[in-house]
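Here the structure is laid out as structure tokens; the discussion comes afterwards.
The values are calculated or read from the model by the stated rules, or taken from the named source; none is laboratory data. Small disclaimer: the values here were computed from a predicted structure and weren't measured. Here the Cβ positions follow ideal geometry from the backbone for every residue, glycine too, while neighbour counts run over all protein chains shown. When the accessible area is computed, the model is the full protein with side chains, heavy atoms only, and any ligands, DNA or RNA have been set aside. Shrake-Rupley method; radii C 1.70, N 1.55, O 1.52, S 1.80 Å.
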Amino acid sequence: MPTDMEAVRKFISVLMSTISNCSLYTKSHASIDELTQKALSILNELLTGADRVEIMLIENDLIVNKAPLRDVGVHGNTFIKRIKRRGISRIDFLAGITFAELKQFIADMSETDKEPKTYPHIKTGVIDVRLGGVKVDANISAEALSKLTTQQLEKVKDVYHDFSPFSKLNVAGLEEIVVNFIVTFKKEANILKLISPVKSHSEYTYTHATNVAVLSMVQAESLGVKDKLLQDIGIAALLHDVGKMFISKEILDKKGTLDEKEWQEMHHHTMYGSKYLARIDGLSRIAPIVALEHHLAYDGHGYPKLNVRVRKQHICSQIVAISDFFDALRSRRPYKRDWDIKEILALMQKNAGTDFNPFLADNFSKIVMTTLK
Ligand SMILES: [Fe+2]
Ligand SMILES: [Fe+2]
């Protein structure tokens with residue numbers, strides 16, 4: 001029997017108003033019990049003859065029992081935002097659900113920072129991320145998540161330390177790293193919490209690579225990019241500065257400003273990186289393109305000098321250029337974080353149309369601004 005979508009819409013609407021009331025008043029407010037009971041009755045009707053009601057969130061659409069749920073209304077949209085913020089992309093309500101369970105679920109959902117839980121008859125989680133043959137357990141706790149973030153940084157560090165013009169790049173290892181990034185940012189809506197502060201000069205290279213990868217993937221994902229392409233953008237971003245391993249230590253670590261000749265050499269990291277990555281089997285073609293073009297501006301200035309009439313900066317390079325700019329400036333004065341971020345965004349807006357793709361710059365600002373509210 002097909003699911004009664006009108007009843008689903010009603011259930012979500014009542015559920016969301018109960019959650020809102022719960023945030024506004026206290027859990028013991030009279031209206032909460034009444035509304036919870038109403039939601040439960042609709043749910044029980046939906047569960048007649050079925051073992052579960054399965055709600056999935058894919059992008060901004062709800063899929064209920066494998067069918068898309070259209071016209072969700074104001075409460076439905078608030079519900080989508082609410083579950084998205086918690087990184088939940090799937091909720092299963094199972095037959096046998098009790099009033100107490102549903103009430104607890106509503107109370108937990110009304111608290112913004114509470115971790116999604118699993119109840120006997122309500123299962124929440126994120127849809128398994130299976131990309132490029134790498135499977136990651138997405139049902140991870142907050143503690144495991146913070147461990148994962150540290151592990152990711154360690155893995156990037158290992159990859160970076162293993163880099164040498166003569167060694168083989170571990171492409172599968174990179175895939176695993178970026179798939180884990182996806183899991184992390186799907187769980188944590190505040191991207192500023194995901195990017196790491198730079199602890200010391202020696203850690204800059206790989207912290208910067210990690211941050212640029214996360215910021216680029218968040219941008220791409222917000223534009224609807226997924227699966228393989230999302231993964232490829234992450235890898236390309238992770239490797240954008242790989243050409244720096246061909247630049248001498250004296251230039252890289254120089255404390256004062258570089259002279260003209262040193263700057264020229266430094267600019268070559270784009271060419272070196274691109275050539276190195278182009279030779280690696282199994283690596284997406286986006287990686288050498290991004291390595292080559294990430295310092296090229298939207299309107300064609302910047303470096304290396306390319307014939308802009310023939311070649312325009314690739315959209316993936318435009319995405320990475322924005323993340324690169326943001327992270328490079330942000331890590332200069334970490335002690336004035338809030339002000340700095342607004343200042344960086346203002347500068348980015350000022351240079352939109354010349355340095356940056358204006359649409360992407362706008363989109364990036366929106367993503368970051370929502371985390372500052
Ligand atoms: Fe660079
Ligand atoms: Fe960079």
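Within the stretch 81-96, the set of residues being open to solvent by 10 Å² or more (accessible area, probe 1.4 Å) and modelled with pLDDT of 80 or more comprises 81, 82, 94, 95, 96.
For residue 16, the stated conditions do not hold, so it cannot be described as of a type in the set (A, V, I, L, M, F, W, C), under 20 Å from residue 123 (Cβ atoms) and not in a helix (DSSP H, G or I).
For the stretch 226-245, filtered to residues that are open to solvent by 30 Å² or more (accessible area, probe 1.4 Å) and among the hydrophobic types (A, V, I, L, M, F, W, C), the residue that is modelled with the highest pLDDT is 229.
Remark: residue 215 matches the filter, which requires a residue to be open to solvent by less than 60 Å² (accessible area, probe 1.4 Å) and away from ligand 1 (no atom under 12 Å from the Cβ).
Scanning the stretch 279-295 for residues that are surrounded by fewer than 24 Cβ atoms within 10 Å (Cβ to Cβ), closer than 12 Å to residue 240 by Cα and not hydrophobic (A, V, I, L, M, F, W, C) yields 288, 295. Remark: pairs (first residue in the stretch 168-181, farther than 11 Å from residue 213 by Cα; second residue open to solvent by less than 10 Å² (accessible area, probe 1.4 Å) and of a type in the set (Ser, Thr, Tyr); Cβ separation under 8 Å; 6+ apart in sequence or on different chains) are absent. Which one of these is at pLDDT below 80 and touching an Asp or Glu at 6+ places or on another chain (Cβ under 7 Å): 194, 148, 215? None of the other options fit; the residue is 194. Criterion first (open to solvent by 80 Å² or more (accessible area, probe 1.4 Å) and either out of contact with any Pro (no Cβ under 8 Å at 6 or more places or on another chain) or closer than 16 Å to residue 105 by Cβ (or both)) does residue 4 satisfy it? So residue 4 fits the description; yes. Of the residues making up the stretch 100-115, not a single one is assigned to a strand (DSSP E or B) and out of contact with any His (no Cβ under 7 Å at 6 or more places or on another chain). Please specify each residue of the stretch 15-45 satisfying the condition of being among the aliphatic types (A, V, I, L, M) and under 18 Å from residue 94 (Cα atoms). Listed by number, the residues that qualify are 15, 39, 40, 42, 43. None of 276, 298 is surrounded by 19 or more Cβ atoms within 10 Å (Cβ to Cβ), more than 15 Å from ligand 2 (Cβ to nearest atom) and either part of a loop (DSSP other than H, G, I, E, B) or basic (Lys, Arg) (or both) except 298.
Taking the stretch 19-37, which residues are within 15 Å of residue 105 (Cβ to Cβ), open to solvent by 70 Å² or more (accessible area, probe 1.4 Å) and assigned to a helix (DSSP H, G or I)? Answer for the stretch 19-37, where residues must be within 15 Å of residue 105 (Cβ to Cβ), open to solvent by 70 Å² or more (accessible area, probe 1.4 Å) and assigned to a helix (DSSP H, G or I): just 37.
The set of residues from the stretch 282-302 being away from ligand 1 (no atom under 11 Å from the Cβ) and in contact (Cβ under 8 Å) with a residue 40 or more places away in the chain comprises 282, 283, 284, 286, 287, 289, 297, 298, 299, 301. When we screen 261, 312, 254 for residues that are surrounded by fewer than 24 Cβ atoms within 10 Å (Cβ to Cβ) and under 21 Å from residue 203 (Cβ atoms), the only hit is 254.
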